[in-house]
Amino acid sequence: MADMLTVKDLHASVEGKEILKGLNLTVGKGEIHVLLGPNGSGKSTLMNVLMGHPLYQVTSGGITFEGEELLDMKPFERAQKGIFLSFQTPEEIPGITVENMLRTAKQAITGEKIKILTFKKELKAAMAELEIDESYASRYLNVGFSGGEKKRNEILQLMMLQPKLALLDETDSGLDVDAVKIVSKGVAAFHNEGNSCLIITHNARILDRLAVDRVHVMKEGRIIQEGGTELIDEINRSGFSHLLGEK
């Protein structure tokens, strides 16, 4: 299977502090990978670097996406190539409705004029799948939304924009059991053999509907252990201490 994403010996810093210290990672096309590790291990930094956040500086190493060098691309170019980042804390954007944002973003990515009626039909179906009231399409993006509504709106964007690589950074954090099930259902509906997912989570329930291919455990800016879903089970039983060589 062809590689979707390849990260080689990546070193990156933020505000002069090195966070990623030689990270290596490969995600194949059609695969779902899970990234685990204690707070401060560099998981979110990796996601931001992959998306091209300007506050993060890559000091050495490389990243390729479908064989193309990623580091020279600006964030909007990475989005156009098919990379999507779901944030831990989605921003509120007054003045832009959910529907307008999605339609504009999809048109920018595809480069094609969007047929309004077809788009509205797709949006209505996706909102129903995620149990989002239709009225939210005309509301300003995330303004006045609860935490759970913001997270479901992130998955709505994922389903509508259909990226090639979904970077999900604790999309399940702060959600109750029912909301996690809905988010998991949405990710499962999105995923197919033509796209890939890299998921950060502290809650294995979001993975219930997903066939995880690989699990990576991070410590101090590096991936220090890899395996299958048995690593998730082990962490759920014993925490990170055993895997990280801590007492």
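Bear in mind these aren't lab numbers, they're just calculated from the coordinates by the rules spelled out. Computed from a prediction, not measured in an experiment: that's the story for all the values here. Note that each Cβ is placed from the backbone with ideal geometry, even for glycine, and that neighbours are counted across all protein chains shown.
Quick notes
- Maximal additional length on extending the Val177-Asn24 stretch stands at 51.8 nm, based on 0.36 nm per residue less the C-alpha distance.
- Computed on segment 39-132, with alpha-carbon pairs under 8 angstrom and 6+ residues apart, the relative contact order is 19 percent.
- Taking a ≥ b ≥ c as the square roots of the Cα gyration tensor eigenvalues, the chain comes out prolate, since a/c reaches at least 1.5 and a/b is larger than b/c.
- Among 67-75, 120-128, 192-200, sorting by the average number of other beta carbon atoms lying within 10 angstrom of each residue, highest first, gives 192-200, 120-128, 67-75.
- Rounded FRET efficiency, nearest 0.05, which uses the C-beta distance separating Thr97 from Thr59 and R0 of 45 Å: 0.65
- Anisotropy class of segment 1-95 from Cα gyration tensor, a/c 1.5 cut: rounded
- Pairwise label distance in nanometres, Leu71 with Asp9, each label 7 Å out on the Cα-Cβ vector: 1.1
- Take every DSSP beta bridge whose two residues both sit in segment 67-218; close to 20 percent of them are antiparallel.
- Residues in segment 22-62 that a label on Ala211 would reach, taking backbone N under 18 Å of a point 7 Å out along Cα→Cβ: 27-34
- Rounded if a/c under 1.5, otherwise prolate or oblate - segment 75-176, Cα gyration tensor axes: oblate
- Extending 7 Å from the Cα toward the beta-carbon at both Gln107 and Gln80 defines two label points whose distance is 1.6 nm.
- Potential lengthening between Glu220 and Asp133 on full extension [0.36 nm per residue; Cα-Cα distance subtracted]: 27.2 nm
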